[in-house]
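Before any comments, here is the structure.
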Amino acid sequence: MKLNKNAKVSLVGAGPGAEDLITVRGLRILQNADVILYDALVSKELLLQIRTDIPKVYIGKRCGLHSHTQEEINELIVTYAFEFGHVVRLKGGDPFVFGRANEEIEYVESFGIPVSLVPGISSAIAVPSSQGIPMTKRGVSSSFWVMTATKRDGSFSQDLVYASKSSTTMVILMGVRKLNQIVDEVIKYRGKMTPIALIQNGTTENERCIVATLETIKKYIEAIRMELPGIIVIGDVVADHPSFFEEEVQRVLHSAY
Ligand SMILES: C[S@@+](CC[C@H](N)C(=O)[O-])C[C@H]1O[C@@H](n2cnc3c(N)ncnc32)[C@H](O)[C@@H]1O
């Protein structure tokens, strides 16, 4: 392959969902792209704001939808850079949070193509925050732990156990389909009254949020749309969510009869 002298790649974080939660720098770089390669969780409204003459190509890999492997994605980035020049690789949230950004950078740089980075606001923080759930709170939680429940081979991560044994705020990504098993595991180490929230499509107009306790969350399982992206937050900080109080009142009323 011949190196196009303008070939370069900008890896840009698109933010957690809402179109206006991208950084100013990220938006400026998008408007100067020769081509944009975007992920499944990138806001369609954000893409509509970008000049119509800039090609926008979906190269996502969300379960259930048409998917590319990571190897195909790496190759596409390089192919487009040689053909078009400046590729903006637009990824949901921050590219370095469960984003495999390092693999894309390594592959692209191996062709001598320079890569620049623009961080994004990660859903891990912005989604709970947009619901008024603090990650840390004086006297309640002095840390938060962002994790995924399962490892590459699908087995449960030991991190889930370590975090459950501590008092950290647990923020679990890519865990919606495993909600039942996660609750069964965490409840072994934390009290059944521990507050839990599931927030889906966070920061968008289709945001959905369920607030409960480890003991009661399973009654909502039927209502959960498993295909939507969601974040599970477990810890006493979730009690700050206005709906948690309602949930508690209902529980006390029902237990009285
Ligand atoms: C592959 S990870 C990428 C995370 C991304 N790099 C970030 O920093 O937000 C995708 C997971 O992020 C979470 N996620 C991303 N956007 C979300 C949103 N708007 N609402 C709820 N969860 C979201 C979900 O757990 C989803 O399965």
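Please treat every number below as a calculation from the coordinates, not as lab data. Here the structure is a predicted model, which means the values were calculated and not measured. Virtual Cβ from ideal backbone geometry, glycine too; neighbours counted across all protein chains shown.
Starting from the Cα-Cα distance between Lys188 and Ser129, subtract it from 0.36 nm times their residue separation and give me the gain in nm to one decimal. The span from Lys188 to Ser129 would gain 18.5 nm if fully extended. Note on Ser155/Ile221: beta-carbon distance plugged into 1/(1 + (r/R0)^6) with R0 of 22 Å gives a FRET efficiency of 0.50.
Can you classify the range 123-255 as rounded, prolate or oblate using the Cα gyration tensor, where a ≥ b ≥ c are the square roots of its eigenvalues, rounded means a/c under 1.5, and otherwise it's prolate if a/b beats b/c and oblate if not? Cα axes put the range 123-255 in the rounded bin.
Using the Cβ atoms and a cut-off under 13 Å, what net charge is assigned to the surroundings of Pro16, where Lys and Arg are +1 and Asp and Glu are -1?
Working: positive: Lys91; negative: Glu19, Asp20, Asp39, Asp94, Glu207.
It works out to a net charge of -4.
If you bin all the Cα-Cα distances of the chain at 10 Å, starting from zero, the percentages per bin are 7, 28, 30, 20, 11, 3, 1, 0. A dipole drawn for the chain from +1 and -1 charges on Cβ atoms has a positive end, and of Thr216, Ala163, Ile113 the residue lying farthest that way is Ala163. Note on Leu117/Glu75: beta-carbon distance plugged into 1/(1 + (r/R0)^6) with R0 of 30 Å gives a FRET efficiency of 0.90.
Sequence-distant contacts, meaning Cα pairs under 8 Å at least 6 residues apart, place the relative contact order of the chain at 19 percent.
Share of antiparallel DSSP beta bridges in the chain, in percent to the nearest 5? Restricted to the chain, the bridges split so that about 45 percent are antiparallel. DSSP bridge analysis restricted to the range 8-118 gives an antiparallel fraction near 5%, rounded to the nearest 5.
Relative to the longest principal axis of the Cα atoms of the chain, the long axis of helix 242-255 lies at roughly 30 degrees.
If only the Cβ of Lys and Arg carry +1 and only the Cβ of Asp and Glu carry -1, the dipole of the range 91-192 around its Cα centre is close to 660 debye.
Using alpha-carbon positions, what is the distance between the centroids of the range 1-63 and the range 67-91, in Å? If we compute the Cα centre of each part, the gap is 11 Å. Scoring 27-36, 126-135 by mean Cβ neighbours within 10 Å over their residues and listing the highest first yields 126-135, 27-36. Fully extending the segment from Glu246 to Asn180 would add 21.5 nm, taking 0.36 nm per residue of separation and subtracting the current Cα-Cα distance.
Within the set of other residues whose C-beta is less than 12 Å from the C-beta of Ile36, count the net charge using Lys and Arg as +1 and Asp and Glu as -1.
Working: positive: Arg51, Lys56, Arg89, Lys91; negative: Asp34, Asp39, Asp53.
Overall, the nearby charge balance is +1.
Note on the chain: with charges restricted to the Cβ of Lys and Arg (+1) and Asp and Glu (-1), its dipole about the Cα centre is near 260 debye.
Determine, from the Cβ-Cβ distance of Glu106 and Ser167 and an R0 of 41 Å, the FRET efficiency 1/(1 + (r/R0)^6), rounded to the nearest 0.05. Approximately 0.65, to the nearest 0.05.
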